[in-house]
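Undergrad: This is the structure I want to talk about, given as C-alpha cells.
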Number of protein chains: 2
Amino acid sequence: MDSVTPELLSEHACFGGVQRFYQYDSAAIGLPMRFSVYLPPAATGTGADPSTGKLPVLFYLAGLTCTEETFMIKAGAQRVAAELGVILVTPDTSPRGAGVPGETDSWDFGAGAGFYVDATEAPWSGHYRMYSHILELRELVLARLPADAARVGIFGHSMGGHGALMLALRNPTLFHSVSAFAPIAAPVRCPWGRKAFGGYLGADQAAWRAYDATELMANSTNAPFPKGILVDQGLADKFLAEQLYPEAFEEACRAVGQPLELRRHDGYDHGYYFIQTFVEDHLRFHHRQLG
Amino acid sequence: MDSVTPELLSEHACFGGVQRFYQYDSAAIGLPMRFSVYLPPAATGTGADPSTGKLPVLFYLAGLTCTEETFMIKAGAQRVAAELGVILVTPDTSPRGAGVPGETDSWDFGAGAGFYVDATEAPWSGHYRMYSHILELRELVLARLPADAARVGIFGHSMGGHGALMLALRNPTLFHSVSAFAPIAAPVRCPWGRKAFGGYLGADQAAWRAYDATELMANSTNAPFPKGILVDQGLADKFLAEQLYPEAFEEACRAVGQPLELRRHDGYDHGYYFIQTFVEDHLRFHHRQLG
C-alpha cells in the first residue's frame, strides 16, 4: 500500500480542521475508489500526541445507497471529532463503474450495496471485494495520515453496522473498538442479507456465516471486546422487524459473556436524523475505549 | 391562511424533538409548496413558556439548487435548537412544477433559484412569487405551530442570505433578528443577481433595488436592527470576489450606523462544512436577541 498515493479531490475547512475527499487505485477492488477523511485541528496543528503525533481514528461504514460523502455531510460528527481529536474515515459502499450487468438495477444489491464481503461468485467476484477494501484502506490511512495503529475503531449504520460488527469480530487485533447504528445484525436471517450473500457468495450458507456478526459472536469462545460494544436502535425503524435482528445479536453476546449496550429508542427511525442525535455518544464511546 | 391545513408528509424523531416535512397549497405561489420544521422538545413537551406555550422561531432561507431539506439534513442545527428551545423552519427555494419553459435549464435561474422576489415579468410572474411566499409561510407557521409572533428571526445562506437580509430590512416589524452565511449581499452588482433580477423583474433597475440588501440598508434613515446583524463569510469561498460583495453591505451599514458583525474566516469555503461550523453561533445570536 505504501506505493499508492491517494489523489486529493477536494478539501473543506470544518470546525478548525479539514474535510477531505480522496481517490486512489484500490488493488483489492481493481478500480479507483473514493474515501473521505476528517482531520481534526489536532491532526493539523498543535494538539497531536507529542510523543507520537498520532491520533485515534474511526472508520465509519455507511448503509445501502450511500457514498463516502453521506456520513460526513449528514451526521454532524465533525464537531465532536474536532473536540476529541479523532480522525474520521468513510469509504464508499461498493465499487463504482465495475461494469457488471445489472449492477445498478437494485438499490439493495450491486452498486451502493457491496455489503462489505469479498464476492466469490462470477461476475461479482471480479471487483466486489469490499471486505478486502476496508482492510486495505485501513492500512493506507495508517501509512498516510497521522493515525495511531493502536487506536483504531470502527462503526457503521445498517448495512455498514453489519460491516463494522463483522469486520471487528473477524479482526479484533486490527479494530480496537466497535459500535453500530441500527445494524443488519444477523444478515443470514433477513431478506437483504440473504439476497446479497446469495448473489455475492453463492448458495453455500457456510460461506455466509463467516460474514454474519451474530454467527461470529455465537462462535466466539469468549468476549472479543471485553470493554463492551454499543448499538443504538430506533423503535420506529421500519426495517427493524424484518431486516435487523438486534435481539439475535444480543442473545449471542449474552451467551459468550460479551458486554453489549443495546439502546432502544422510542420514536426514532432508520435515517440520519436518528444518527445525528446519537453520533456524539458513539464518538465519546470510542474515544473512551481507545484512550 | 387560517383555512389552509398543511399536510404532514413525514416526521423523524431528532434530538428529543421532531423533524417534520409539510406541503400546503400556497396562495402566493399558486401551487403546492413544501417546507420543513424542526420542533424542539420544548415545543412538544414540558419546556414551553408556561405563560404562552410559545417559542422563538427561526426561518432559514437556502441557496441555489437547495430544497426545504438541505439545511435540515446538512447543517447540524437541531442539536442547538433542541437545547435552546427554538423552532426552525425552512421553505423551498422556488416553485416546483410551474411549467415555465426552460425553468430547469439553469442552476442559477428558475427552479431552485427563486431569489425570494415576486416576479413581474411573464412568464415567471405566474408562479415565481417567493417574496410573498415567505411572508405567507410566516403567517402559516405562527397560526399553526407554537411559535411566538414577537420572537421571529430569519437567516440564510448565499441566495438565501440575500433573501434573509432583504426580507428583514423590508419587514423589520415582522422579523426581529437577522443573520447570514456568505450572503449575496448586493445582488444588483453581481452576475447571479443581475441575471435573476433581469429575468424576474425586467429591465427597470429601480425595481431591482427594492430587493437588494445593500441598497435597502443605504436608504435607511437609521439602524433598522440596533441590536446588530451577524454575517459569516469564508475567505476561501470561490464566489466571494465576483458574487457576494459583503464589503458593500458593510459600508452601507457603517454609513447608517447599523451594527454589523462581519466575521471573515480564513480557509472556509461556500458549502455546508462552513455552515455547520458556525451554525451554533447563529442560533445563539438569534436566541440572545429574541430573548
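Residue-wise test of (1) within 14 Å of chain A (Cβ to nearest Cβ); (2) assigned to a helix (DSSP H, G or I); (3) buried (at least 20 other Cβ atoms within 10 Å of the Cβ).
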{"site": "B:252", "(1), (2), (3)": "no, yes, yes"}
{"site": "B:255", "(1), (2), (3)": "no, yes, no"}
{"site": "B:261", "(1), (2), (3)": "no, no, no"}
{"site": "B:264", "(1), (2), (3)": "yes, no, no"}
{"site": "B:268", "(1), (2), (3)": "yes, no, yes"}
{"site": "B:274", "(1), (2), (3)": "yes, yes, yes"}
{"site": "B:277", "(1), (2), (3)": "yes, yes, yes"}
{"site": "B:281", "(1), (2), (3)": "yes, yes, no"}
{"site": "B:288", "(1), (2), (3)": "no, yes, no"}
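Undergrad: Among the residues of the stretch A:20-38, write down those that are more than 22 Å from residue A:111 (Cβ to Cβ) and surrounded by 23 or more Cβ atoms within 10 Å (Cβ to Cβ).
TA: A:37, A:38
Undergrad: Which numbered condition in (1) over 18 Å from the mean Cα position of the chain (by Cα); (2) at positive phi is the only one that residue A:228 fails?
TA: Condition (1) is where residue A:228 drops out.
Undergrad: While we're here: So which of A:17, A:63, A:99 ends up being at positive phi and of a type outside the set (A, V, I, L, M)?
TA: Values: A:17 fails: at positive phi; A:63 fails: at positive phi.
A:99 is the lone residue from the list that is at positive phi and of a type outside the set (A, V, I, L, M).
Undergrad: Those residues that are in a strand (DSSP E or B) and within 11 Å of chain B (Cβ to nearest Cβ), I need them from the stretch A:6-20; list them, please. Full working, then the answer.
TA: Going residue by residue through the stretch A:6-20, those that are in a strand (DSSP E or B) are A:7-14, A:17-20.
Residues satisfying the conditions are A:10, A:11, A:12, A:13, A:14, A:17, A:18, A:19, A:20.
Undergrad: Something else now. With the checklist (1) over 30 Å from residue B:288 (Cβ atoms); (2) under 13 Å from the mean Cα position of the chain (by Cα) in hand, flag the one item residue B:165 doesn't pass.
TA: Against the list (1) over 30 Å from residue B:288 (Cβ atoms); (2) under 13 Å from the mean Cα position of the chain (by Cα), residue B:165 comes up short only on (1).
Undergrad: Let me ask another. What are the residues in the stretch B:51-102 that are surrounded by fewer than 24 Cβ atoms within 10 Å (Cβ to Cβ), more than 14 Å from chain A (Cβ to nearest Cβ) and small (Gly, Ala, Ser), if any?
TA: The answer is B:51, B:53, B:85, B:97, B:98, B:99, B:102.
Undergrad: Using the structure shown, decide if residue A:182 is more than 14 Å from chain B (Cβ to nearest Cβ) and of a type outside the set (Phe, Trp, Tyr).
TA: On the way: more than 14 Å from chain B (Cβ to nearest Cβ): no; of a type outside the set (Phe, Trp, Tyr): yes.
No, not satisfied.
Undergrad: If you don't mind, another one. Given (1) within 14 Å of another protein chain (Cβ to nearest Cβ); (2) buried (at least 17 other Cβ atoms within 10 Å of the Cβ), identify the lone condition not met by residue A:245.
TA: Among (1) within 14 Å of another protein chain (Cβ to nearest Cβ); (2) buried (at least 17 other Cβ atoms within 10 Å of the Cβ), residue A:245 violates only (1).
Undergrad: While we're on this one: Would you pick out the residues in the stretch A:221-236 that are assigned to a loop (DSSP other than H, G, I, E, B) and hydrophobic (A, V, I, L, M, F, W, C)? Lay out the reasoning, then the answer.
TA: If we filter the stretch A:221-236 for residues that are assigned to a loop (DSSP other than H, G, I, E, B), which is where we start, we get A:221-228, A:235-236.
Of everything in the stretch A:221-236, those that are assigned to a loop (DSSP other than H, G, I, E, B) and hydrophobic (A, V, I, L, M, F, W, C) turn out to be A:223, A:225, A:235, A:236.
Undergrad: Follow-up question, since we're still on this one. Taking the residues in the stretch B:191-209 that are among the hydrophobic types (A, V, I, L, M, F, W, C) and either surrounded by fewer than 21 Cβ atoms within 10 Å (Cβ to Cβ) or under 20 Å from residue B:275 (Cβ atoms) (or both) as candidates, determine which candidate is farthest from the chain's Cα centre (by Cα).
TA: Taking the stretch B:191-209 first, the residues among the hydrophobic types (A, V, I, L, M, F, W, C) are B:192, B:196-197, B:201, B:203, B:206-208.
Filter again for either surrounded by fewer than 21 Cβ atoms within 10 Å (Cβ to Cβ) or under 20 Å from residue B:275 (Cβ atoms) (or both), leaving B:192, B:203, B:206-207.
On the way: B:192: 17, B:203: 25, B:206: 23, B:207: 20 Å.
Of everything passing the filter in the stretch B:191-209, B:203 is farthest from the chain's Cα centre (by Cα).
Undergrad: For the stretch A:255-273, which positions are under 18 Å from residue A:162 (Cα atoms) and without any contact (Cβ under 8 Å) to a residue 24 or more places away in the chain?
TA: Residue satisfying the conditions is A:271 alone.
FYI, it's all coordinate maths here, none of it is from the lab. Values in this document were obtained by computation on a predicted structure and should not be read as measured data. For neighbour counting, all protein chains shown are included, and Cβ atoms are generated from backbone atoms with ideal geometry for every residue, glycine included.
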